[in-house]
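The values are calculated or read from the model by the stated rules, or taken from the named source; none is laboratory data. Quick caveat: nothing in here was measured; it's all calculated off a predicted structure. Backbone-built Cβ (ideal geometry, glycine too); neighbour counts: all protein chains shown.
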Amino acid sequence: MISGQPATYVITISNKGDGTCNPTITVTDMLGSGLSFSSAGGPGVVCGAVAQTVTCTSNNPLGPGQSLQIQINVTVKIDPGKEARNCATVKNPNDVNLTNNEACITTVVGKK
């Protein structure tokens, strides 16, 4: 991740249960300060952003062992040497294990 340059976060949602995730899978991604939203999407996924909150939804069923990837494209507006933090949460109304639905990553920003 380089200051002043575009960057991409790839979020992988995996169904680790024994039932199908259906109907809607919703991913909420809180972009850290200094990350500017550019675009987002994935196969069968619709995304939009308001300020630092990116919300993506998929109405496609996700069977046991299947995965779905979402790409979130940003522009890095953070000084080199500082940290960029990004967190994503996934929700599905039929999810019975809520302990594995959030992930965060912190990256040190480099310079050109």
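For this structure, a couple of remarks:
- Residue among T75, T20, T26, T8 that alone is surrounded by 12 or more Cβ atoms within 10 Å (Cβ to Cβ), more than 13 Å from the chain's Cα centre (by Cα) and modelled with pLDDT of 95 or more: T75
- Residue in the range 95-106 that is assigned to a strand (DSSP E or B), touching a residue at least 40 places away in the same chain (Cβ under 8 Å), of a type in the set (S, T, Y) and out of contact with any Ser or Thr (no Cβ under 6 Å at 6 or more places or on another chain) present: no
- Search result, residues across the range 78-94 that are surrounded by 15 or more Cβ atoms within 10 Å (Cβ to Cβ), in a loop (DSSP other than H, G, I, E, B) and either within 18 Å of the chain's Cα centre (by Cα) or at positive phi (or both): N92
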